[in-house]
Each structure stands twice: as C-alpha cells, then as structure tokens.
Amino acid sequence: MKATVIFKPLEYSIEAVGEKWHQGDLLKGTLKIKNHSAERIELPLLKVAVCEGHYKKIKAKDAKGWKCISENVLAENLTINPSEEKDYSFEFKLAETCAITDKTGSLYLAFFDKDEAIPAGNIELVIAPKIIVKQILEIFENFLRFKVKETKSGKGMVEIKLVPPTSRELSNVDGLLLSISEVDKNLTLKYFFNFRILNIAGATMQSEKATKEVEQNFTSKQYLIYGDSINQDFIIQSVQEVLNGVKTKML
C-alpha cells in the first residue's frame, strides 16, 4: 500500500509492505522525501507512527480522531538539499490486542514533518483479528450453528455479536456478545448472554429477561494441538459447558 503527498516543493511517498495484516504482525515500510526546488529545505523533524483513527472525526478534520500508539522518529533538524531524495525504512510490531478495522475506524500508518496532532499524510491499514479468533468463530458457526452478526474492536479484545441457533434448547437465548483475545499464548473468552427464563412460581407462567457473564482463560497447552493448530474438541467442549448454563430453564 502506498500514498504520495506533495507539499511544494517537497514530495512525500509512504509505503506499507503488504495489503492486509493481522493483530500481532510485523509492519514494514518506507518513507521517501524529495526536494523539487533549487533551494535547501529544513524540517524540524520527520517521524512515522501507527495511529488509531476514527472515521467520522478524521473526515471532520478533528484532531481527536487520531491516537498515535507507536512512533518512530526518523530524523530531527533535517536538511534536504536541492533535488535531493532521502529514503527511510522502518518497522512496527503490531500489538496482539491492537484495534482491528471495523465500521468506526482502523489503524493508520501516518507521517509527520512537524509537531502537530494531525499527520501530514497517512495510509489506512486493513487489520484483521488474529488467526485464532477466526478459527474459534468457525467452530461457533460450523459446529455450534451460531451466526456472526458483527465484529469490532473493544477494550483490548475483539468483540463479536453472535446470533444463536434456532434449536429448542437455545430458543431462550436472544443474543451472545463474545469477546476474544490471545496474548503471549494465553487465550481469554468472555461471554455476555441476553436470555429468558420461564418463571412458574406465580399463578401464571412468565418469561423473565436475564443476563449472564462468563469468562474462560486457557493456556496454549489446552487450546492448541500439533504446534499452532487449534484443538477443536477442547474449544467445543469448553463452549458447551458455558452454553449449558443458559439453556432453557424454569424457576
């Protein structure tokens, strides 16, 4: 991915090597700057950064739409001679819990040539959840018959809205918000259920709304098998244990 920005007489070209990244990946890139004038140009600084960007605020040119989470100063008090081109390489290790691309925003690769909140130029990055997140969602869809409704970033985790199957035993579950993160080969699953309980304590049977939160934490020895391959049987069994706590009940 590449972008070119011209602030006469300077031309900036920033490039991110690749088209798509996952949480925790290594991001490599280059920044080139060329002086098209016959005069020497001086810049106070030149830096690149990985920033969280909020689409609506960026469109409104609001400085609060940018939150830089990692930066690399390439040069300070930079002098560029007439017709000279300077080339800088850099890399960033994306956090395992970094924001993913969703409907509200994404990560950006940005560069700055002065100390300002809004970058001089940027590239929107396409960030997908870690592979393990995708594999867990495939288990929910293929084996447990849940459907993924929405995936987004939230509080250092990937939040997924899931629509429960139409089976009789889960007919009382209205929705499930599943949050997933994997850090240093430790997996965390957080479940938030909206469901209904049948209350037969009174003269008539009534359906009462209820919520339930459950958290599971696993080590790599539990959820992985044969290297980095997910242990499907273990994940299915672990999820089933949680689902058993919200299946149709009567009070």
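Once ligands and nucleic acids are excluded and a 1.4 Å probe is used, how much of Y88 is accessible, expressed in Å² to the nearest 10?
Accessible area, nearest 10 Å²: 40 Å².
Under a point-charge model restricted to the Cβ atoms of Lys and Arg (+1) and Asp and Glu (-1), what is the dipole moment magnitude of region 14-105 relative to its Cα centre, in debye to the nearest 20?
Charge dipole, region 14-105, about its Cα centre: 480 debye, nearest 20.
To the nearest 500 deg cm²/dmol, what mean residue ellipticity at 222 nm is calculated for the chain from DSSP H runs of n ≥ 4 alone, each contributing -39,500 (n - 2.57), summed and divided by the residues?
After summing the helix terms and dividing by residue count, I get -3500 deg cm²/dmol.
In terms of solvent-accessible area of protein heavy atoms at a 1.4 angstrom probe, what is the ranking of M157, M1, M205, highest value first?
Result of the area sort, largest leading: M205, M1, M157.
Based on DSSP loop calls and a cut-off of at most 15 other Cβ atoms within 10 Å, the longest stretch of the chain free of exposed trypsin sites (Lys or Arg not before Pro) is what?
The segment 186-246 is the longest one with no such site.
Expressed as an acute angle from 0 to 90° and rounded to the nearest 10, what is the orientation of the C-alpha long axis of helix 232-243 relative to the principal long axis of the chain?
Tilt relative to the chain: about 60 degrees.
Would you kindly derive the ³J(HN,Hα) couplings of region 130-146 from the backbone phi angles with the Karplus curve 6.51 cos²θ - 1.76 cosθ + 1.60 (θ = phi - 60°), listing them in order in whole Hz, with x for Gly and Pro?
Result, ordered by residue: 4, 4, 4, 5, 4, 5, 5, 5, 5, 5, 4, 7, 7, 10, 10, 6, 7 Hz.
Taking a threshold of 29 Å on the Cα-Cα distance, which of the pairs K152/K247; K56/K209; K61/K185; K190/K247 fall above it?
Over 29 Å apart, Cα to Cα: K56/K209; K61/K185.
Would you be so kind as to identify which of G156, A117, C51 lies farthest towards the positive end of the dipole of the chain, taking Lys and Arg as +1 and Asp and Glu as -1 on Cβ and the Cα centre as origin?
About the Cα centre, the residue reaching furthest to the positive side is G156.
Measure off, as a whole percent, the carbon and sulfur share of the 1.4 Å-probe accessible area of the chain, all protein chains present.
Carbon-and-sulfur percentage of accessible area, whole number: 48.
Determine the per residue accessible area of the chain with all protein chains present and a 1.4 angstrom probe, expressed in square angstrom.
About 56 Å² of surface per residue is accessible.
The values are calculated or read from the model by the stated rules, or taken from the named source; none is laboratory data. Since the model is a prediction, treat every value here as computed from it, not as a measurement. Ideal geometry is used to build each Cβ from the backbone, glycine not excepted, and the neighbour counts take in all protein chains shown. For accessibility, only protein heavy atoms count, side chains too; no ligands or nucleic acids. Shrake-Rupley method; radii C 1.70, N 1.55, O 1.52, S 1.80 Å.
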